[in-house]
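Please treat every number below as a calculation from the coordinates, not as lab data. Keep in mind it's a predicted model, so treat the numbers as computed, not measured. All Cβ positions, even for glycine, are placed from backbone atoms using ideal geometry, and neighbour counts span all protein chains on display.
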Amino acid sequence: MKHFMARIVLFLLLTAMSCGSVTAQNKSVKQAKADTTAVDSSANDDALAAQLDEAAADSSALLGDGVTSEGFHQALKTKFIEGDAGFMSLVALALVIGLAFCIERIIYLSLSEINAKKFMNDLDNSIMQGDIEGAKALCRNTRGPVASICFQGLERINESIDNIERSVVSYGSVQSSNLEKGCSWITLFIAMAPSLGFLGTVIGMVMAFDQIQTAGDISPTIVASGMKVALLTTIFGIIVALILQIFYNYILSKIEHITSQMEESAISLLDIVMKYKLKKEC
């Protein structure tokens, strides 16, 4: 009986121990799951915070670009004022007047350009049909130097070829001079802009030395302020010269194109008149 009771007590102890171990194991599993969930939540929070920081950085960059773009014009105006208003105003005036001459030449040359090949074909058809007055009317109603030299040649169509050629060549020289009218002023302002800048540089350096003499000490602040004014005038003068030079080269290219059209049209006109005279003699 004692042995039986001892076995029952031992069995109950073993059962209690096994239940305790299972409960502890369940608690440890739950704690592990909770820790894993906490880690995942923390990782998600960190990722979200990183995304928010990145978005804020992008927004700051965009705002910074806007501020920089707005500040460029302000900085340009500030540098212009710092470069001594007297000399900088002269440089700006040279830019404005030079651009006015460039725009006038570009408009004039653009209006002088025509489709020379089509014009000469129409003129050839009118002359070969014997409609000289119609050919003259075509020249009068067409703008540009090509039509003008053709009209001068048709005015002397009943004269010799040599007289027609001399008339066309002479009037072509006049038209070429008209094309180049005003270009000398553009070259003047191209040369004047950097010269004004260098003049401002020299005067700025003289002013810097005067300030050093007055202060009685070679201070970096005094030297830097005077040299800054001196160099700013040179920079703006060179920029103005570069802008005007670009427009001037474009104008020269258009003049060369129109001049080549005039020469080709003059040769074509002489050939057409020769054919007309030969046909008339036959």
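Some values worked out for this structure:
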| item | result |
| --- | --- |
| Approximate spin-label separation Glu263-Ser110, in nm, with each point projected 7 Å along Cα-to-Cβ | 2.7 nm |
| Pairwise FRET efficiency - Ile235 versus Ile212, Cβ, R0 = 25 Å, nearest 0.05 | 0.60 |
| In range of the label at Leu93: residues from the stretch 179-195 whose backbone nitrogen is under 13 Å from the point 7 Å along Cα→Cβ | 193 |
| Pairwise FRET efficiency - Gln245 versus Leu270, Cβ, R0 = 35 Å, nearest 0.05 | 0.40 |
| Residue-span extension gain [Met205 to Arg166] - 0.36 nm each, minus C-alpha spacing | 8.1 nm |
